[in-house]
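The values are calculated or read from the model by the stated rules, or taken from the named source; none is laboratory data. Just so it is clear, the structure is predicted and the values come from calculations on it, not from any experiment. Note that each Cβ is placed from the backbone with ideal geometry, even for glycine, and that neighbours are counted across all protein chains shown.
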Amino acid sequence: MGTDDDKLGESTDELRANPLRQSGQSGAGSGQGGNHMNTVRSLGLMHDLQEYIVTVEAIAAKRKAEIDKLKEEKRDMERLLKMNKQAARKKDASLNEAPTLAGPKTGFGDIANQDIPPKVRGIIEDNRMLKEEVRQYRDKSRASERTAAAQQVQINKMKDEMESLRGQLKECKRSPGQMASEADLQAQLSSREASVKDLESRIEVLNHKLKVDARQRKDEVRAKEREVVEAKRKTEEVGEQLAEKDLELRQKVLDCRQVTKKLEKCRTLLVESRREAVHLQDTLERFHEERYGEGMLHHLRSGEASDMRVMLCCVYVDGGEPSGERELVEEEASAAAVEQVEFSADEAATKVQSAYRGHLVRREMKEARTAEEEAAAIKIQAQARGHLARKELEAYKSGQNEEDSHAQEAAAVKIQAQARGHLARKQVNQRRAEGAAKGKETTTAVSAKGTTTGAKTGGKESGAAAGGRGSKGGSTA
């Protein structure tokens, strides 16, 4: 019953909300020239109204049958109640007419439970049960009457709504031409829906293709970015290499400049040596012309070219090669000059020049060696001074640590001695206190004994005896 009432209430609420609005929409659609959507809505509205009418009629028939059934049950209950009342009255009358054990006639209230016969007691219990059932039936009948009244009200409302829906159905009637146009529109709608589905499928395919293309483009962009990063890294490496090469080139340029400076020095030395050789040659020619004459001068001029070549070779070697090699060449040249059989002025000049150049080279080497030795000596002295300073610092720290350790040991010894003295003094005081307590106890005991035994002898003797015994007790303690 409750579920049917709920369904009925929901259906009535839906019809109150939807059919009137849909009918208004269908009327507006028909007024606009038979729009397709309005016609479809009108068809759906008619179908819903027909179904609703059928359901309402079924629910009304069901409720009517239930109401009839409740009325029959009510009549049966009333009939049963009447029969029960008559039977109870008859039983009460028979019981009132029967004599009691006390003597006069009384009702059931005057009869005690133990005086009632078993049969009468069963009849009374049955009567009580029947009264309870009658009360329950009355309650049920009242509740059924209330539900029936509520259902009747709902049925009346449903009848009113059915009348209004029938009026709406009459307004929504259509002609065969409208039905044919609706069928055509339905076919067009289905074709349009099919085309829309086809377009949607194509759009999905295109979206999928776009996603795939986007992924490919992203992968390509990432690959390009990686290539750009790799190219940047390579350019940085090449830049570093170029910087290193640039530094090397600058170093080479500096070396070349130094070499060119050395070559210029060598050229100037060579020019000066040539000038000196020419000057010496002139002086030697004049010397030999004055001293030996023209014959010796011709002989010397025959060996001039070879001597000049040797001298120029020695000068070139001195300007271009390192110092050690220059010394070696000069020594060899000097030895070769010494070994010559003929000692001429040219040989003497070359020997003098080689010796002078060797002297210059040795002086330069000595200066360079002294500069290197001074730098090495400064470095060694600095390291030695640092070593000595560190050694002195370590010695100072170790000495200070030893002093601190000695001070700590002395303090610990002093603290331990004071602690031991304190403990010893405490023990001595405890022993003294214990001895004094024992002496007091012995003196009191002796004095008490002397007063009891030596009362006749006098106070003096007892005092002396007590003093002697007290001193003895103190000594023993």
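Overview of results
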read-out	value
Residue within segment 49-61 that is modelled with pLDDT of 50 or more and among the polar types (S, T, N, Q) present	yes
Lone qualifier among 293, 303, 319 - being within 22 Å of residue 358 (Cβ to Cβ) and modelled with pLDDT under 75	319
Within segment 46-79, considering residues that are of a type in the set (A, V, I, L, M, F, W, C) and free of Cβ contacts under 8 Å to residues at least 12 places away in the same chain, the one farthest from residue 133 (Cα to Cα)	54
Residues within segment 362-388 that are of a type in the set (Val, Ile, Thr), modelled with pLDDT of 80 or more and over 60 Å from the mean Cα position of the chain (by Cα), tallied	0
